[in-house]
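Undergrad: First, the structure itself, so that you have it in front of you.
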Amino acid sequence: MINLIPLPVKYEEKEGKFTASNKVIIYADTTLKTSASALLELFSKVTEINPKITDNRADANIIFKLVDNIKKEGYTIEINSENITVCASEFAGAFYAVQTLRQLFKLDYQKPCMTINCALIEDYPRYSWRGLMLDESRHFFGMETVKKLIDLLAMHKLNILHWHLSDNEGWRVEIKKYPKLTEIGSKRRGTHFLAWGRRDDAAVDWTPYSGYYTQDEIKEIVKYAQDQNVMIVPEIDMPAHFGAVLAAYPDLGCRGLQIETPIMHGGEKNGPGDLIACAGNSDTISFLYDVLDELVQLFPGGYFHIGGDEAPKAEWKACPKCQNTIKSEGLKNEEELQGYLSNKMYHWLKSKGKKLIGWNEILKATSLERDALIQYWHPIRDRRVEKWVRENGKVIISKHQAFYFDMPYAMRNLKKTYNFEPSKCKLDENYNAIIGVEAACWTEWIKDEDRLFFQLFPRIEALSETAWSPKGSRNYANFRLRLEEFVEVLEKLNIPYAPLNITDTGLIETLKTSKTFISQNAHVEYEKVKRNKQEKR
């Protein structure tokens, strides 16, 4: 059995073995030199081997070769007893070949393996979009955690970090034209820590909470991600999930209410719940344009996410400015007003060379520009997405049942993530509309790095294989066997993870437990594992 995650497209074992030694010499064609250096660094860091890089291919026994006809992000590795030849058509493919060699030589295990079997590996991804969404509005983790997460995504051949930087509970990025976003919107008086049903004072930790990234920090993280072939896609949620903005600039709301940055998820018990931008206010549009103008300079990738989910329309129905805009623009209703706002952002972003992404609720507006990219998260069937796909619209799959990693394992188990197929949400892949899959990790109940990684691992391993490996080669029982060995990597890297005996409990299906239990159960699982680790130390 080949112990690789994700499983490659083809692995053919050959006679003989290759042994790495101090005589390992690496050569790389110019485009692939960065990948060669990365392999050298890995060997040097964890073994006593000290490979060298040469400019003479004839001297080398590990060769990185630029070949035009290799698929995008793909590679081949040919291992014989004398040498290893990596072929790729671009940096990304060579980078992923290094991740495969990293596993073959067990460079992240307690005992690296310097002798490996001869083999031929041909590999390329099933989907071009293989991602994770990290919410830093609810809890802020900081640069070092994000860099560590980028390392782990890259190691698993995942190439997208979708960064949720704004929501009701916090604004997390410096905008020079609007300093109150960080002076006010990045701070809150306390943190809601119990489950969704509790919204009283006893459900709040009244420790003041704050945090945001400067633009220089954003640039550093983006550059770090680029070096790991990870594209960062920023999200500024609009028009709903706008509470932190309205705390800083209340005139951007329909009623101009003076509020604090919200604490309670889903709205304050005795305060405004419909925290939505005023779509009929020209100042709101100007504000959003200004914010986008600063952020598109920080994120060079070709995409920008505007959220668009869970937008309540009661404020708009009672707002004279919104109603006047509906009338003057010839819109049918408030849903079309959101489409009007989305299309304004679409055209503004397009003028900056970016493609708009939104959660699938933005399809409630029938006028949405056809080139927008839809992210499908709803746990229930959305016929609008099905229609969008039939009409050749593009979709990222983030279905709640398989890819919401903030949920307890008892509710969203590992097998559901691994076995997910688009056919389960009635999307026919023949339309060539599904560009990939992305997991989401919302952080209402995730307050620190340990808990974050506990929720993500070993789910990331399952996501990796779902996004990369061919449908026909995946087998959950085989994956679990490989995973039992792979968790040694997480141990070596000191990454908290959920024990495999709880990752497929399926408890939620049999007990039909309440949301309160779900949240508290996850906390109990996490604290128990954390306590056991501390006792071992």
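Undergrad: Using the Cβ atoms and a cut-off under 14 Å, what net charge is assigned to the surroundings of A28, where Lys and Arg are +1 and Asp and Glu are -1?
TA: Within the 14 Å Cβ shell, the charges total -1.
Undergrad: Roughly speaking, what is the centre-to-centre gap between segment 218-255 and segment 91-113 when only Cα atoms are used, to the nearest Å?
TA: Using only Cα atoms, the two centres lie 34 Å from each other.
Undergrad: Then there's this: When the gyration tensor of segment 295-346 is built from Cα positions, what are the square roots of 5 times its three eigenvalues, in whole Å, from largest to smallest?
TA: 27, 12, 9
Undergrad: With only alpha-carbon atoms in the gyration tensor, what are the semi-axes of the equivalent ellipsoid for the chain, in Å, largest first?
TA: Those come to 42, 26, 22 Å.
Undergrad: Rg/Rh for segment 197-347 to two decimals, with Rh computed the Kirkwood way over all alpha-carbon pairs.
TA: 1.01
Undergrad: For the chain, what is the calculated [θ] at 222 nm in deg cm²/dmol (nearest 500), taking -39500 (n - 2.57) for each run of four or more DSSP H residues and dividing by its residue count?
TA: About -10500 deg cm²/dmol.
Undergrad: Using a simple spin-label model with points 7 Å from Cα along the Cα→Cβ vector, what separation in nm is obtained for K223 and R383?
TA: Output for this residue pair reads 5.2 nm.
Undergrad: Could you check the simple spin-label distance between A477 and N392, using points 7 Å along Cα→Cβ, in nm with one decimal?
TA: 4.4 nm
Undergrad: Sum up the charges of everything whose Cβ sits under 14 Å from the Cβ of R102, counting Lys and Arg as +1 and Asp and Glu as -1, but leave R102 out.
TA: -1
Undergrad: Rg(Cα) of segment 202-254 divided by 2.2 N^0.38 Å?
TA: So segment 202-254 has a normalised radius of gyration of 1.61.
Undergrad: Give, to the nearest whole percent, the P(r) tail of segment 10-123 beyond 25 angstrom, counting all Cα pairs.
TA: In whole percent, the share of Cα-Cα pairs in segment 10-123 beyond 25 Å is 12.
Undergrad: Working out 0.36 nm times the residue gap between Q323 and I116, then minus their Cα-Cα distance, what length gain in nm do you get to one decimal?
TA: Computed gain between Q323 and I116 is 67.6 nm.
Undergrad: For segment 10-123, with only Lys/Arg (+1) and Asp/Glu (-1) charged at the beta-carbon, what is the dipole magnitude about the Cα centre, in debye rounded to 20?
TA: Approximately 280 debye in magnitude.
Undergrad: Right, something else. In straight Cα distance, which lysines are under 22 Å from K399, not counting same-chain residues fewer than 8 positions off?
TA: Correct list for K399: K157, K355, K364, K387, K415, K416, K424, K426, K471, K512, K515.
Undergrad: Might you report the magnitude of the Cβ-based charge dipole of the chain about its Cα centre, with Lys and Arg at +1 and Asp and Glu at -1, to the nearest 20 debye?
TA: So the magnitude is around 760 debye.
Undergrad: With the dipole of the chain worked out from charges on the C-beta (+1 for Lys and Arg, -1 for Asp and Glu) around the Cα centre, which of M407, N419, L194 lies farthest toward the positive end?
TA: Positive-end residue among those listed: N419.
Undergrad: Length gain on complete extension for the stretch K352 to E41, per 0.36 nm per residue less the alpha carbon to alpha carbon distance?
TA: Separation in residues times 0.36 nm, less the Cα-Cα distance, equals 108.2 nm.
Undergrad: Can you give the FRET efficiency to the nearest 0.05 for R370 and D68, using r as the Cβ-Cβ distance and R₀ = 25 Å?
TA: 0.15
Undergrad: Tally Lys and Arg at +1 and Asp and Glu at -1 over the other residues with C-beta under 14 Å from the C-beta of Y75: what net charge comes out?
TA: Once positives and negatives cancel, what remains is -1.
Every number in this text was worked out from the coordinates using simple rules, so none of it is lab data. Computed from a prediction, not measured in an experiment: that's the story for all the values here. Glycine also receives a Cβ, built like all others from the backbone with ideal geometry; neighbour counts cover every protein chain displayed.
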